[in-house]
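J.: Here's a structure for you.
The values are calculated or read from the model by the stated rules, or taken from the named source; none is laboratory data. Everything numeric here is computed off the predicted structure, so don't read it as measured data. Cβ atoms come from the backbone with ideal geometry, glycine included; neighbour counts cover every protein chain shown.
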Amino acid sequence: MNEFIQANEHIIWILYDYIAKQKFKQERNLMSDIGKSLVSIDKLRDTLIPVLEPLHLTDKKIVQAFFLSKMTVISENNDANYEYTYIHKPEFIEFIGRLAWVKYEGTYLHE
């Protein structure tokens, strides 16, 4: 996996930046995203659903991969809304891996 990430790192960051600049309909975001160039759960869903649905990665699986990729929130009382709305670059790498994990869950490829 490290070789895959290293070989495609430039493309992964282009995708991250592209998603961060998208406009979206706010549904799951816990806070406003106006004027922020970060990747939020709604931006991620709205951008990726048309691409991932033909691969049988539904909205539910995208959201599942998003939350599985989140790092521990140290101060949930102060930072929860922000941390559970946005995905940082290291978490985005984890998100890509988690998408594969949820796609193949329950198959021999899942191991």
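J.: In region 36-67, what residues are part of a loop (DSSP other than H, G, I, E, B) and surrounded by 13 or more Cβ atoms within 10 Å (Cβ to Cβ)?
T.: LYS36, LEU38, LEU57, THR58
J.: Would you please name the residue that is modelled with the highest pLDDT, looking only at residues in region 6-35 that are of a type in the set (A, V, I, L, M, F, W, C), farther than 19 Å from ALA100 by Cα and surrounded by fewer than 16 Cβ atoms within 10 Å (Cβ to Cβ)?
T.: This residue is ILE14.
J.: Just to be sure before I move on: is LYS70 over 19 Å from LYS23 (Cα atoms) and outside any helix (DSSP H, G or I) in the structure I sent?
T.: yes
J.: Please work out which one of (1) in contact with a helix residue (DSSP H, G or I) (Cβ under 8 Å, 6 or more places away or on another chain); (2) hydrophobic (A, V, I, L, M, F, W, C); (3) modelled with pLDDT under 85 is the condition VAL102 fails and give its number.
T.: (3)
J.: If you scan region 68-91, which residues turn out to be among the hydrophobic types (A, V, I, L, M, F, W, C) and free of Cβ contacts under 8 Å to residues at least 12 places away in the same chain?
T.: Correct list: VAL73, ILE74.
J.: Checking the condition at pLDDT 80 or above, surrounded by 13 or more Cβ atoms within 10 Å (Cβ to Cβ) and assigned to a helix (DSSP H, G or I), which residue from GLU94, GLU3 passes?
T.: Sole residue among the options that is at pLDDT 80 or above, surrounded by 13 or more Cβ atoms within 10 Å (Cβ to Cβ) and assigned to a helix (DSSP H, G or I): GLU94.
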